[in-house]
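Colleague: Take a look at the following structure, please.
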Amino acid sequence: MTANGKQLHVLGLSGGKDSAALAIYMRDKHPEIDMTYYFTDTGKELPEVIEFVNRLEGYIGKKIIDPYEEISRSNREKKDFDYWLKQHNNFLPSPQSRWCTIQMKLVPFEKWVQSYLDDGYEVITYVGIRSDEPYREGYQVTANKKIKVRMPFREDSIDLQGVKEILQQADLFSDTEEAKSNPNSAQAKGLPGYYEWRSRSGCTFCFYQRKIEWVRLKERYPEAFEEAKRYEKTAEDGRDDGVFYWLGKDTPLSSLEAPERVEQIKKEHQRKKERFLKRKRINVLQVNTLDIDRDHMDEIYDQQEGGGACITCYK
Ligand code: SF4
């Protein structure tokens, strides 16, 4: 603690299960900590993410603030994806150039807490890295070395099962038809509905999605898929040397649309899932295969941390 005793405790919500469980955990186990919860809405979030954050706000009984809105009161207007796309000459963000996370999430957060640091506060940020996750130094939590990082799930040995139990007990969706009628649904387990078809939160067009998730996005939210295609059209303007699309160089989303291609992607996903279950010696008859998609998508695709997807967006 600083000599003046001023402290700001902050916990960022991504719309994912780990940060949500951490918010519930801190509220229930550490009511003595005056936590400030925040969620940086990119303007392109899935409707299920917004619903989840709203329900969480009700549970923790505190307003979840948006750093964008906090800083815009004094020094800038709220800026969303379209604004930043123009600033980047219509180059879509990608794993190699992830300006979206920096401009839409990290910068607003750092600007917001800077005013507290300037005012002599000690700032402590709480992050939902679990005890069962491979830990490496340098998680992109914050670039500001003055901000202290705490990982209560690691400190208290809470793993994936522990996170699931926290969400199940909080039961945020208990009043929904889905939760009442289907005990295997995501909502019945206290999880947001997008876990029925996608492994992580984030923008509708996030380039960290696997092909199977793009296919499911098109099936669930065709208008969001069409919007993602329109952004690709914008990215094409004036470029004839090969264009980077959401799926990478020279691979527009339209390449996923033919029915036979959709079928192929679904079969390929099923094949990978079966290979994963075999490798882990899990009996396919004893598991809810949706749980496997929800919890093990990275392992199914032989990746760690979503192939580099940052914790700011999906934790
Ligand atoms: S969710 Fe994906 S597209 Fe959205 S800010 Fe994060 S990395 Fe970028």
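The values are calculated or read from the model by the stated rules, or taken from the named source; none is laboratory data. All values reported here derive from a predicted model rather than from experimental measurement. With ideal geometry, Cβ positions are generated from the backbone for all residues, glycine too; neighbour counts draw on all protein chains shown. In case anyone asks, the SASA skips ligands and DNA or RNA and just uses the protein heavy atoms, side chains included. Shrake-Rupley method; radii C 1.70, N 1.55, O 1.52, S 1.80 Å.
Colleague: Using the basic label-point model (7 angstrom from Cα toward the beta carbon), what is the Asp175 to Glu57 distance in nanometres?
Modeller: That separation, rounded to one decimal, is 1.5 nm.
Colleague: Would you list, by chain and number, the lysines whose Cα falls below 19 Å from the Cα of Lys62, excluding same-chain residues fewer than 8 positions away?
Modeller: The reachable lysines, counting only those whose Cα sits under 19 Å from Lys62, are Lys17, Lys29.
Colleague: Trp99: accessible area at probe 1.4 Å, nearest 10 Å²?
Modeller: Trp99 exposes around 20 Å² with every protein chain in place.
Colleague: Excluding Tyr301 itself, calculate the net charge of residues whose Cβ lies under 9 Å from the Cβ of Tyr301, where each Lys or Arg counts +1 and each Asp or Glu counts -1.
Modeller: -1
Colleague: Hand me the GluC sites (Glu not before Pro) from segment 167-257 located in a DSSP loop with no more than 16 other Cβ atoms within 10 Å, in residue order please.
Modeller: Working: sites: Glu177, Glu178, Glu196, Glu213, Glu219, Glu223, Glu226, Glu227, Glu232, Glu236, Glu257; in loops: Glu257.
Here the GluC sites (Glu not before Pro) that fit, given the DSSP loop and packing criteria, are Glu257.
Colleague: While we're on this one: Given the options Ser94, Ser115, Ser185, which has the most mean-square fluctuation in a GNM of the chain, springs set between C-alpha atoms less than 10 angstrom apart?
Modeller: Maximum among the listed residues: Ser115.
Colleague: Please enumerate, by chain and number, the aspartates and glutamates with C-alpha under 19 Å from the C-alpha of Lys272, excluding those fewer than 8 residues away in the same chain.
Modeller: Candidates past the 8-residue exclusion: Glu196, Glu213, Glu260, Glu263, Asp291, Asp293, Asp295, Asp298, Glu299, Asp302, Glu305.
Colleague: Could you work out what % of the accessible surface of segment 7-169 is carbon and sulfur, using a 1.4 angstrom probe and leaving DNA, RNA and ligands out of the count?
Modeller: 46 percent
Colleague: Suppose only helical runs count, i.e. DSSP H with n ≥ 4. What mean residue ellipticity at 222 nm does that imply for the chain under -39500 (n - 2.57) per run, divided by all residues and rounded to the nearest 500 deg cm²/dmol?
Modeller: It lands at -13000 deg cm²/dmol.
Colleague: At 37 °C and 0.692 mPa s, grab the translational diffusion coefficient of the chain from Stokes-Einstein with a Kirkwood Rh over Cα pairs, rounded to a whole number in µm² per second.
Modeller: 158 µm²/s
Colleague: May I pose another question? Given the Cα-Cα distance of Glu69 and Glu32 and 0.36 nm per residue of separation, how much length would full extension add, in nm? Write out the running numbers ahead of the final one.
Modeller: On the way: separation 37, 0.36 × 37 = 13.32 nm, distance 2.66 nm.
The Glu69-Glu32 span can extend by a further 10.7 nm.
Colleague: Relative contact order, percent, of the chain when contacts are C-alpha pairs under 8 Å separated by at least 6 residues? Before the final figure, lay out each step's value.
Modeller: Working: 425 pairs, mean separation 69.3, N = 315.
About 22 percent, as a whole number.
Colleague: Out of all DSSP beta bridges in the chain, what portion is antiparallel? Express it as a percent rounded to 5.
Modeller: Antiparallel: roughly 20 percent of the beta bridges in the chain.
Colleague: Another question, then. Once you list every other residue whose beta carbon is under 11 Å from the beta carbon of Phe52, what net charge do they have if Lys and Arg are +1 and Asp and Glu are -1?
Modeller: On the way: positive: Lys17, Arg55; negative: Glu45, Glu48, Glu51, Glu57.
Within the 11 Å Cβ shell, the charges total -2.
Colleague: Still on this structure: Which percentage, to the nearest 5, of the DSSP beta bridges contained in segment 7-169 is antiparallel?
Modeller: If we restrict to bridges inside segment 7-169, about 5 percent are antiparallel.
Colleague: Enumerate the lysines that Lys86 could reach by cross-link, defined here as Cα to Cα under 29 Å, with residues fewer than 8 away along the same chain left out.
Modeller: Correct list for Lys86: Lys44, Lys78, Lys105, Lys111, Lys211, Lys218, Lys229, Lys233, Lys249, Lys315.
Colleague: Still on this structure: Using Cα-Cα distances under 8 Å and only pairs 6 or more residues apart, what relative contact order does segment 1-82 have, in percent?
Modeller: It rounds to 30 percent for segment 1-82.
Colleague: Normalised by the residues of segment 7-169, what does the relative contact order come to in percent, with Cα pairs under 8 Å and at least six apart? Kindly include the intermediate steps, with their values, before the conclusion.
Modeller: On the way: 199 pairs, mean separation 47.4, N = 163.
Over segment 7-169, the number comes to 29 percent.
Colleague: Averaged per residue, what accessible area in Å² does the chain show with a 1.4 Å probe, protein chains only?
Modeller: For the chain, the per-residue accessible area is 49 Å².
Colleague: For the full complex of protein chains and a 1.4 angstrom probe, list Tyr116, Tyr245 by accessible area with the highest value first.
Modeller: Result of the area sort, largest leading: Tyr116, Tyr245.
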